[in-house]
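Enquirer: Got a structure here, written out as structure tokens. Questions coming.
The values are calculated or read from the model by the stated rules, or taken from the named source; none is laboratory data. Because the structure is predicted, anything quoted here is derived from the model rather than measured. Cβ coordinates were reconstructed from backbone atoms using ideal geometry, including for glycine residues, and neighbour counts include every protein chain displayed.
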Amino acid sequence: MRTTVSIDDHLLAEARSQAQRRRMTLGQLIEESLRRELAQPSTDPAPDFPVFRGGRGARPGVDLDSNRGLAELLDEGRPVDQRR
């Protein structure tokens, strides 16, 4: 597949030199490098997500039928009028 990417000029020059030394095309060098990079497991830590275990619905005093009450609860108890 053919595509266009932006690569730093110095990096591209080094890649071309490396490809020439290894007697391969620039495309082959890039493909090989991408395969090697993508084969490595990610070192980025997984994001933390809250996990809720147990419980039986909303906590006491929360009225799920009241939009205003839920909004106040989500905004640290400040009344809706004070957030405008």
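Enquirer: Being exposed (fewer than 10 other Cβ atoms within 10 Å of the Cβ) and part of a helix (DSSP H, G or I) is the filter here, so list the residues in the range 33-72 that pass it.
Expert: Within the range 33-72, Arg35, Arg36, Glu37, Leu38, Ala39 qualify.
Enquirer: With the structure loaded, tell me whether Asp9 is within 27 Å of the chain's Cα centre (by Cα), of a type in the set (Asp, Glu) and at pLDDT 80 or above or whether it fails that test.
Expert: Answer is no for this residue.
Enquirer: Might you check whether a residue that is hydrophobic (A, V, I, L, M, F, W, C) and under 30 Å from Ala71 (Cβ atoms) occurs anywhere in the range 37-49?
Expert: Yes, the range 37-49 contains at least one residue that is hydrophobic (A, V, I, L, M, F, W, C) and under 30 Å from Ala71 (Cβ atoms).
Enquirer: Further question: I'm trying to understand the selection: among the residues of the range 14-62, which are aliphatic (A, V, I, L, M) and within 30 Å of Thr3 (Cα to Cα)?
Expert: Ala15, Ala19, Met24, Leu26, Leu29, Ile30, Leu34, Leu38, Ala39
Enquirer: Looking at the range 1-32 only, could you name the residues that are in a helix (DSSP H, G or I) and either aromatic (Phe, Trp, Tyr) or surrounded by fewer than 10 Cβ atoms within 10 Å (Cβ to Cβ) (or both)?
Expert: Those that are in a helix (DSSP H, G or I) and either aromatic (Phe, Trp, Tyr) or surrounded by fewer than 10 Cβ atoms within 10 Å (Cβ to Cβ) (or both): Asp9, His10, Leu11, Arg21.
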